[in-house]
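Below you'll find the structure, written out as structure tokens, and then a few comments.
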Amino acid sequence: MTNSPVVPEVDLSAGGRQVGHLRVPQSRDDSGWGTIQVPIVVVANGTGPTVLLTAGNHGDEYEGQVALLDLARTLDPGSVQGRVIILPAMHYPACAAGKRLSPLDGRDFNRCFPGDPFGGFAMSLAHFVDSVLLPVCDYQMDLHSGGTGMDIVPSAVGHILDDAGDDAGLQAKTLAMADAFGAPITLLLREVNAGPTLLAAAEKHGVVALSSELGGGGRLNPAALAITKRGVRNLLRHAGVLEGLPATGEYGPSRRMTVPDLAHYVFAPADGIWEAADPLNTTVEAGAPAGLLHRIEDPAAPPIQLSYKATGLLWCARFAGRVKAGDPVAVIARDM
Ligand code: CA
């Protein structure tokens, strides 16, 4: 039994299509009993696995939000065996603001897991997802893109799991699920600060779980949206919730790649304006110039040249021009 203060206004165990809200307490000066309404759609029929699909963990990442709105409207309950729980705008205040972080308290929702029932909006919502939704799930996918700051080659993304104990089979299941999603790239990585993410929370529950990176730059990329719409239906086919086999994209099967460590990142050593040497999705060499960091503070000094430290595909590139010291400006992926 959960001690969550979040009230789902749909019956998670009922059949058919239900559209409603999670009612999350958020006290304000002008509304002490105020709540924030987080949209939820449940489509269920018969018996089968439960799949949780989430988008809007970060509010400025749009392909997942639009693909899940489309799925929520068009998924026919009669075609489903099992249950699909859809949160198309999970961190609703950030989604409504078009921002990565919460306009309520500046929190990154994907650093809030496993949450705290009485820790405020984001923490109590994370706790509900962790303590109520994940325990009933077989599969989970949290749809991300690069956001305002980054642009990323469309990819299904899983964590590199320590190949021990209960995780031994989970890595293989993760890869199979990612391949089924059918993005151009299936990528395994060790994430910066993965611990408090939804993906890590799902893994702790033994749920076969994925994330994604499906574009970026704070825009809705039509090609990435098409990949995402096909991908979420592919996942449902892979899980056995929908009949049929996953459909392959026009680019063929997913290319399996990895970002094994932070040596595959290029970080800006100082504040500045980033001029990249290469476009996204270019093959690059270790030691080659990654770009120039321009410093407005010192007009007489030449820009700082940064180099790649690994050979591979320029998988993720800084999109916004302005960077701060410590920001990644490039991430290189290599074939698995
Ligand atoms: Ca994200």
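Whenever a residue of the range 247-272 is among the β-branched types (Val, Ile, Thr), its partners that are surrounded by fewer than 17 Cβ atoms within 10 Å (Cβ to Cβ), lying with C-beta atoms within less than 6 angstrom and at least six residues away or across chains, give the pairs Thr258/Met336. Name every residue in the range 191-224 that is within 16 Å of the ligand (Cβ to nearest atom) and farther than 18 Å from Cys112 by Cα, in order of residue number. If the condition is that a residue be within 16 Å of the ligand (Cβ to nearest atom) and farther than 18 Å from Cys112 by Cα, then Ser212, Glu213, Leu214, Gly215, Gly216, Gly217, Gly218, Arg219, Leu220, Asn221, Ala224 are the ones that fit. The condition of being open to solvent by less than 60 Å² (accessible area, probe 1.4 Å), of a type in the set (S, T, N, Q) and not in a strand (DSSP E or B) holds for only one of Asn234, Asn281, that being Asn234. Could you go through the range 78-89 and let me know if any residue there is out of contact with any Cys (no Cβ under 9 Å at 6 or more places or on another chain), assigned to a loop (DSSP other than H, G, I, E, B) and loosely packed, with under 15 Cβ neighbours inside 10 Å. Taking every residue of the range 78-89 in turn, none turns out to be out of contact with any Cys (no Cβ under 9 Å at 6 or more places or on another chain), assigned to a loop (DSSP other than H, G, I, E, B) and loosely packed, with under 15 Cβ neighbours inside 10 Å. Six or more apart or on different chains, Cβ atoms under 9 Å: show the pairs whose first residue is in the range 197-221 and within 14 Å of Met90 (Cβ to Cβ) and part of a strand (DSSP E or B) and whose second is within 12 Å of the ligand (Cβ to nearest atom) and open to solvent by 30 Å² or more (accessible area, probe 1.4 Å). From the range 197-221, the pairs are Ser211/Glu191. Selection over the range 297-330 of residues that are open to solvent by 70 Å² or more (accessible area, probe 1.4 Å) and either assigned to a strand (DSSP E or B) or over 20 Å from Asn281 (Cα atoms) (or both) gives a count of 8. Only one of (1) over 26 Å from Val208 (Cβ atoms); (2) at pLDDT 95 or above; (3) of a type outside the set (Asp, Glu) is not met by Gln18, so which one is it? So Gln18 meets the others, but not (1). Given the range 2-73, what strands (runs of 3 or more DSSP E) lie entirely inside it while holding 2 or more residues that are open to solvent by 30 Å² or more (accessible area, probe 1.4 Å)? Hits in the range 2-73: 16-25, 35-45. The set of residues from the range 246-255 being loosely packed, with under 15 Cβ neighbours inside 10 Å and in a strand (DSSP E or B) comprises just one member, Gly252. The number of residues in the range 94-128 being away from the ligand (no atom under 16 Å from the Cβ) and within 17 Å of the chain's Cα centre (by Cα) comes to 2. Being surrounded by fewer than 16 Cβ atoms within 10 Å (Cβ to Cβ), at pLDDT below 95 and in the same structural domain as Leu236 (by TED's automatic domain parsing) holds for only one residue in Asp163, Asp116, and it is Asp163.
Test Gly240 against the criterion of being surrounded by 19 or more Cβ atoms within 10 Å (Cβ to Cβ) and touching a residue at least 24 places away in the same chain (Cβ under 8 Å), and give yes or no.
Considered against the rule, which asks whether it is surrounded by 19 or more Cβ atoms within 10 Å (Cβ to Cβ) and touching a residue at least 24 places away in the same chain (Cβ under 8 Å), Gly240 comes out as no.
Of all residue pairs spaced 6 or more apart or on separate chains, those with beta-carbon atoms under 6 Å, a first member in the range 129-158 that is without any contact (Cβ under 8 Å) to a residue 60 or more places away in the chain and a second member that is open to solvent by less than 10 Å² (accessible area, probe 1.4 Å) and near the ligand (Cβ under 10 Å from one of its atoms) are Val157/Ser212. Out of curiosity, is Leu175 under 23 Å from Gly240 (Cβ atoms) and within 13 Å of the ligand (Cβ to nearest atom)? Here the answer is no, as Leu175 does not meet what is asked.
Does Pro269 satisfy the condition of being open to solvent by 50 Å² or more (accessible area, probe 1.4 Å) and modelled with pLDDT of 95 or more? Judged against the criteria, Pro269 is a match. For the range 137-155: of the residues being in contact with a helix residue (DSSP H, G or I) (Cβ under 8 Å, 6 or more places away or on another chain) and of a type outside the set (Asp, Glu), which is nearest to the ligand (Cβ to nearest atom)? So the residue we want is His144. With respect to Arg295, determine if the residue is over 25 Å from Lys324 (Cβ atoms) and of a type in the set (D, E, K, R). In short, no.
The values are calculated or read from the model by the stated rules, or taken from the named source; none is laboratory data. Everything quoted here is computed from the prediction, not taken from an experiment. Please note: Cβ atoms are built from the backbone with ideal geometry, for glycine as well, and neighbour counts cover all protein chains shown. Just the protein is used for accessible areas: all its heavy atoms, side chains included, with ligands, DNA and RNA removed. Shrake-Rupley method; radii C 1.70, N 1.55, O 1.52, S 1.80 Å.
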